[in-house]
Amino acid sequence: MSDNSGISRRQILTGLGATAMLSLAGCATSGDRASIVDGSGSSGFSREYQLAYGPIQDGGFNIPAIDLKRMDPQFLRREVTYRGPEAPGTIIVDTPTRFAYLVQPGGTAMRYGVGIGRDGFSWDGRARVQFKRQWPRWTPPSEMIARQPELEVYRNGMEPGLTNPLGARALYLFQNGRDTLYRLHGTPEWWTIGKAVSSGCVRFMNHDIIDLYDRAENGATVIVNQSASARIV
């Protein structure tokens, strides 16, 4: 997908600054705000970020642009230095810091800001991406319907769309061949990124989950860390 200038989304996203350091002690990071906010546009954000988080036409849906002025810049996608032991292709979710990482070749990782829902705090460990879905249906579990009877209309699933809680993409995590019920998924509520939220597992801005979906492989290892003092090895 390209913007009017002929620059592909992948070209834009790959160039979002390899300036931050990722430490394996709890996946702590520090970033360089100056590479994101440079005052070159009316929003105060660099052109690369304005393009990367601009409107997207995808799967018959028009995803609106992110209001970057309402985002904490640290939670915007960026390439960071990675010096840990995990192989390229591994996805690391560090819930205490509200970041997810996709380890890349050459000592780098792509870092994404995430929101962590109630279900996202209930599981940790290692899993695999069993499968991925574009514009997935959302089916609330029976326990949720019991708590929120108004969701009964979605017992057989909610159609894909801009208001679907799973957003534009979902990655489904299995462990030892069994569904963990843990999902990495998009959200239309982009303003919740970086926060603890009331529902869901690990939510990404739709722009970011599309990027992760395109980069991540089926069968990829996923490490979920819940402890601020844990060391991922």
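Quick look at the numbers
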{"item": "Other-chain or far-sequence residues with amide H under 5 Å of Phe61's (modelled H)", "result": "none"}
{"item": "Nonlocal amide H pairs with Ala220, under 5 Å, H built at 1.01 Å", "result": "Val129"}
{"item": "Fraction of the pair-distance distribution of the range 126-192 above 21 Å, Cα-Cα pairs, percent", "result": "30"}
{"item": "Nonlocal amide H pairs with Thr180, under 5 Å, H built at 1.01 Å", "result": "Leu173, Phe174, Gln175"}
{"item": "Summed residue charge, Cβ within 13 Å of Gly117's Cβ, Lys/Arg positive, Asp/Glu negative", "result": "+3"}
{"item": "Peptides 49-56, 132-139, 185-192 ordered by average Cβ neighbours within 10 Å, highest first", "result": "185-192, 49-56, 132-139"}
{"item": "Rounded, prolate or oblate (a/c below 1.5 giving rounded, otherwise prolate when a/b exceeds b/c) for the range 54-193 by Cα gyration tensor", "result": "oblate"}
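Every read-out reported here was derived from the displayed coordinates using simple, explicitly stated rules and does not represent laboratory data. Everything quoted here is computed from the prediction, not taken from an experiment. We place every Cβ from the backbone using ideal geometry, glycine too, and count neighbours over all the protein chains shown.
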